[in-house]
Amino acid sequence: MTDTPHAAPPSGIVILGPPRSGTTLLRRILDAHPRIASPPETYLLSAAARFLHEERFASGLRIGVLSGLAFAGFGEGEVLERLRGFVLGFLDDHARARGKPRWAEKTAFDAFHLEAIARLCEGHVRFVCIQRHGLDVVCSLAELVDKTGGYVHELHEYLRRDPEPLMALARAWVDTAERVADLVERDPLAIDLRYEALVRTPAAVVRTLLEHLDEPWDDELLARAMTEPGELGFGDWKTYGRASIDATSVDRWKGLPSATVSRLAALCNPTLVRLGYAAVEVGEDVSDEDARHRYAMGLRLQQLGAGKPR
Amino acid sequence: MAVTPQSVREFLASKTRYALDEVGDDAPLFSSGVIDSFVMIDLMTFLERQTGARLAPEDLMELDSVQSIVAFVATRQRPKR
């Protein structure tokens, strides 16, 4: 009898999370590791997801490249393997060029394409998943839109369905956070991180992550991650302006008006609780009279200014 | 529910990111910018629910510190003779 060798766990790493959840920070940290190369956003996986895009007709027939090539004699496994080799090959080459044995891929909006990415990569990469409080994600996405002056393609469908941008962004968070949580539940190789823990206790979280990835920790890693310039490319511009990790972006949602918080909370609470966050209080409905009273008092308060009656 | 310095702090902490632990009971809140007008109106609603009485515009100026908020509520909750 001969021992059957255990397959080595995959070495490639894919960072996934709803956009604005700390994925770029994770990328910078992993890229500073002497054995991991993590390039700026490549869009490789979302491009592969578009290649695999298909539509299911009422008869159950899937219209797309996999079905099309199946009729031409190419099985799904072979097509996925070829595509995987093509896509991940760029990352292999990039890591090799930097003299590192492993790579980590992160592109901000990949979570919107998670089904196709999982179909292509599950079992062939290590998913590093990160989640952040949904209301903070909404605040950060709204800020991104303000700064960039537009919505990325992945958000368009949400904006068509909901005329209120913050609610549309919250729905996008719920969808992507739930998809990432589903992946964590079914993939034993995936690790599940929280942004708040990462920025409050970065050394502890990164140690846990590296242990999961079978990579050594070193005491200079975080300092290197935040001070080395790294490669320029697509990614969160804010993180490039930071030289240390801090928790100043936690609980930004508390600055939103109560009525907005209540509406966002009603939508996000089930997902927040699933992810281990406390449910956000949903305010009681107010009568028309109470609403007018609040409004009038708010106006009077503005008149009073900083405690000085006008 | 009794309105205490602790309950006022807990309410305000749920509405603002400001570290209220660093704010003294007599420190100004609204006039110093620790809380904004939205939080002030939320605080007003909170106090109206606790006391069962409507607040008037001039009352708002008596709510500028944890200490003054608690004192204000005590006067509102004082039993009538």
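The values are calculated or read from the model by the stated rules, or taken from the named source; none is laboratory data. Model, not experiment: these values are computed from the prediction. Positions of Cβ are backbone-derived with ideal geometry, glycine not excepted, and every protein chain shown enters the neighbour counts. Surface accessibility is based on the protein's heavy atoms, side chains included, excluding ligands, DNA and RNA. Shrake-Rupley method; radii C 1.70, N 1.55, O 1.52, S 1.80 Å.
Just a few scattered comments:
- Residue in the range A:276-290 that is surrounded by 14 or more Cβ atoms within 10 Å (Cβ to Cβ), of a type in the set (Asp, Glu) and modelled with pLDDT under 95 present: yes
- Here residue B:74 fulfils each of the conditions (1) over 27 Å from residue A:250 (Cβ atoms); (2) out of contact with any helix residue (DSSP H, G or I) (no Cβ under 6 Å at 6 or more places or on another chain); (3) aliphatic (A, V, I, L, M); (4) part of a loop (DSSP other than H, G, I, E, B) apart from (4).
- The range A:121-156, residues that are open to solvent by less than 40 Å² (accessible area, probe 1.4 Å), basic (Lys, Arg) and either outside any strand (DSSP E or B) or touching a helix residue (DSSP H, G or I) at 6+ places or on another chain (Cβ under 6 Å) (or both): A:132
- Positions within the range A:212-235 being closer than 21 Å to residue A:17 by Cα and surrounded by 13 or more Cβ atoms within 10 Å (Cβ to Cβ), in sequence order: A:212, A:213, A:222, A:225, A:226, A:234, A:235
- Residue tally, condition facing chain A (nearest Cβ under 9 Å) and surrounded by fewer than 18 Cβ atoms within 10 Å (Cβ to Cβ), over the range B:1-17: 3
- Test: residue in the range B:22-38 that is within 14 Å of chain A (Cβ to nearest Cβ), part of a helix (DSSP H, G or I), modelled with pLDDT of 85 or more and over 16 Å from residue A:304 (Cα atoms): no
- The residues in the range A:256-268 that are buried (at least 16 other Cβ atoms within 10 Å of the Cβ) and touching a helix residue (DSSP H, G or I) at 6+ places or on another chain (Cβ under 9 Å) can be counted, and the count is 9.
- Hits in the range A:97-120 (condition: in a loop (DSSP other than H, G, I, E, B) and either open to solvent by less than 10 Å² (accessible area, probe 1.4 Å) or modelled with pLDDT under 95 (or both)): A:106, A:107
- Qualifying residue in the range B:42-63 (condition: closer than 30 Å to residue A:249 by Cβ and over 9 Å from the mean Cα position of the chain (by Cα)): yes
- Qualifying residue in the range A:236-254 (condition: part of a helix (DSSP H, G or I) and open to solvent by less than 20 Å² (accessible area, probe 1.4 Å)): yes
- Members of the range A:213-235 that are without any contact (Cβ under 8 Å) to a residue 40 or more places away in the chain and assigned to a helix (DSSP H, G or I): A:223, A:227
- Test: residue A:177 is within 20 Å of residue A:278 (Cα to Cα), open to solvent by less than 20 Å² (accessible area, probe 1.4 Å) and in contact with a strand residue (DSSP E or B) (Cβ under 9 Å, 6 or more places away or on another chain): yes
- Of all residue pairs spaced 6 or more apart or on separate chains, those with beta-carbon atoms under 7 Å, a first member in the range B:25-49 that is among the small types (Gly, Ala, Ser) and a second member that is in a helix (DSSP H, G or I) are B:37/A:298; B:37/A:301; B:37/A:302.
- Test: residue in the range A:185-196 that is small (Gly, Ala, Ser), at pLDDT 95 or above and in a helix (DSSP H, G or I): no
- Restricting the first member to the range A:243-267 and to residues that are more than 9 Å from chain B (Cβ to nearest Cβ), and the second to residues that are among the small types (Gly, Ala, Ser), the beta-carbon pairs closer than 6 Å and six or more apart or on different chains are A:262/A:283; A:264/A:170; A:267/A:170.
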